[in-house]
Amino acid sequence: MPGRAALSPADAGVVNQAAHWLVKLHAGELDEAGRRALQRWREQDPRHERAWQAAESLAQRFGSLPAELGRATLDRPRQRSRRALVKSIVLALTLPASGALAWRRWGGELGADYRTATGETRAIQLADGGQLFLSSASAADVLFDAAQRLVVLHAGELLVQTAPDSAQPPRPFLVHTAEGRIRALGTRFSVRRDGAGHSRVTVLEHAVEIQPAAGDTPLRLEAGQQASFSASAVSPPTPAPAGADAWVRGHLIADGQPLGDFIAELARFRPGILRCAPEVAGLRVSGVFQTTDTDRALTTLADSLPVALRYRSRYWVSVEALPAEGS
Amino acid sequence: MSSAAPADAIGTLYRDHHGWLQSWLRRKLGCSHQAADLAQDTFLRLITARRQEAFHTPRAYLRTVAHGLMVDHFRRRELEQAYLDALAAMPEPLAPSPEERLAIFETLYHIDSLLDALPETTRRVFLLSQLDGLTYATIGEQLGLSLRTVKRHMHAGFAQCLAALL
């Protein structure tokens, strides 16, 4: 647009510098000399000053909001479908003034926000050559920086296959959940958040170290072991069930598993409500099932066990005892 | 870059693609009223923006713009709902007056659009700092993040907002 000294993504450097100064200022890292340097930066170029003015108007806007209302509205989970839409727009648009485009450049450095829908699993290639698998209905952030390789699990389950770090000295590989920290010791392991203040770790190769957020001693967990932990303590390790990582390949493996537990597991991969009636929950299930075809898994159950499927709707299914003969 | 397109070119575009766009939106939204409104808004954008690609690949362009409007529409609706819920949960004496409510909503909507593209953790860190006024150290403690990581999130948050504001 002629006649306007517009900031384009090519001037992203200015925005980047302004953000840098803002963080320093807010972190309390600017002494007298630092403040003078900031003042010089602002005077150096009209675009610098404009960026600074924008930052001040942003602060003003935030200041005019009642914190309580802001928290209740702005910090809401964004809908996945909408986020996906936004991404497709960002990719499709070539408008030079789009802030979203500029964001993606820094976003690449910072790491992305990964999410799966119910029934979806995802494999993600990590920057260090390792792999991250995200199970159904899960959310995680990947935040690699110079000091650490950090994955934050917000919900659901993930599996990490670490790779030797090329950085020297090698950076630690960590998975954080709300309950604590898991440190990989050269390894393949999965972490799952069980909702009610618990995380569960299953080690498939080598070992990991679990450090509950409010606990003092870390616990070392070896291959073939599984342990659940809360923010304060780790429960005693138990042997990991066979096929604990089968979901990565789209399978659910049951080996004499109680039907109730199996249905709960299957429900993680199926949208809507899937229930198991208490009178059949103790039946034993064995087999390999597809997480991508839960309908078929249910039909197979009904064929091989004395149970009936009751569809209240496509999204509300109960597994119940067979009706008595002749009734 | 943009250049003026003759009015009759827009007329042709409208005649050729308006019906298609509206039925595309209707399929997406499941509501013909909203579809009609958004189709109208999409062409309005087109007339004011007058971008060349609108004439080279009209349907791709229209779909992109309509997508954007649809996303805004849903985001606004979500935000309105969250706002009404939050207001309802407020004790009577603290609740803002009707005039204030509207002004606050407009500010919320503006900030919400700035923050929408941010990953969840970045947004949370940013809000804890800008809204609650917590120090970076306290935010780090609350979320179990290192000071360095908090700074990275803040940097990304500022950069995103500034880029959108400039």
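The values are calculated or read from the model by the stated rules, or taken from the named source; none is laboratory data. Computed from a predicted structure; not experimentally measured. Methodologically, a virtual Cβ is constructed for each residue, glycine included, from the backbone with ideal geometry; neighbour enumeration extends over all protein chains shown.
Worth a mention:
- Residue satisfying condition, being within 20 Å of the chain's Cα centre (by Cα), among the basic types (Lys, Arg) and at the interface with chain A (Cβ under 7 Å from one of its Cβ atoms), within set B:124, B:101, B:77, B:152: B:124
- When B:118, B:147, B:143 are screened for being at pLDDT 90 or above, touching a Gly at 6+ places or on another chain (Cβ under 7 Å) and hydrophobic (A, V, I, L, M, F, W, C), only B:147 passes.
- Residue count for the range A:245-276, restricted to those that are farther than 24 Å from residue A:138 by Cβ and part of a loop (DSSP other than H, G, I, E, B): 0
- Against the test of being assigned to a helix (DSSP H, G or I), at pLDDT 85 or above, in contact with a Cys (Cβ under 7 Å, 6 or more places away or on another chain) and not β-branched (Val, Ile, Thr), the options A:25, A:58 yield a single qualifying residue, A:58.
- Among the residues of the range A:18-50, those that are of a type in the set (Asp, Glu) and within 14 Å of chain B (Cβ to nearest Cβ) comprise A:29, A:45, A:49.
- Which listed residue, of A:289, A:229, is surrounded by 13 or more Cβ atoms within 10 Å (Cβ to Cβ), over 24 Å from residue A:198 (Cα atoms) and of a type in the set (Phe, Trp, Tyr): A:289
- Checking the range A:293-310 against the condition returns a match, with at least one residue being farther than 23 Å from residue A:173 by Cβ and touching a residue at least 60 places away in the same chain (Cβ under 8 Å).
Residues checked against (1) surrounded by fewer than 17 Cβ atoms within 10 Å (Cβ to Cβ); (2) of a type outside the set (A, V, I, L, M, F, W, C); (3) within 14 Å of chain B (Cβ to nearest Cβ); (4) free of Cβ contacts under 8 Å to residues at least 12 places away in the same chain:
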position: A:122; (1), (2), (3), (4): yes, yes, no, no
position: A:134; (1), (2), (3), (4): no, no, no, no
position: A:151; (1), (2), (3), (4): no, no, yes, no
position: A:159; (1), (2), (3), (4): no, no, no, no
position: A:166; (1), (2), (3), (4): yes, yes, no, no
position: A:180; (1), (2), (3), (4): no, yes, yes, no
position: A:187; (1), (2), (3), (4): no, yes, no, no
position: A:193; (1), (2), (3), (4): no, yes, yes, no
position: A:199; (1), (2), (3), (4): no, yes, yes, no
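- Some residue of the range B:93-100 being modelled with pLDDT under 80, surrounded by fewer than 16 Cβ atoms within 10 Å (Cβ to Cβ) and of a type in the set (S, T, N, Q): yes
- So residue B:69, is it buried (at least 16 other Cβ atoms within 10 Å of the Cβ), over 30 Å from residue A:65 (Cα atoms) and under 18 Å from the mean Cα position of the chain (by Cα): no
- Residue that is farthest from residue B:68 (Cα to Cα) [pool: residues in the range A:63-87 that are more than 7 Å from chain B (Cβ to nearest Cβ) and modelled with pLDDT under 50]: A:80
- Residues in the range B:1-28 that are at pLDDT 65 or above and within 19 Å of residue B:52 (Cα to Cα): 12 in all.
- Failed criterion for residue B:132 (all others in (1) more than 9 Å from chain A (Cβ to nearest Cβ); (2) surrounded by fewer than 17 Cβ atoms within 10 Å (Cβ to Cβ); (3) modelled with pLDDT of 80 or more hold): (1)
- The set of residues in the range A:277-327 that are polar (S, T, N, Q), under 30 Å from the mean Cα position of the chain (by Cα) and in a helix (DSSP H, G or I) contains only A:294.
- Of the residues making up the range A:224-242, one or more are at positive phi and either without any contact (Cβ under 8 Å) to a residue 12 or more places away in the chain or assigned by TED's automatic domain parsing to the domain that holds residue A:134 (or both).
- Top-ranked residue in the range B:150-166 [being among the small types (Gly, Ala, Ser) and modelled with pLDDT of 90 or more; ranked as nearest to residue A:145 (Cα to Cα)]: B:156
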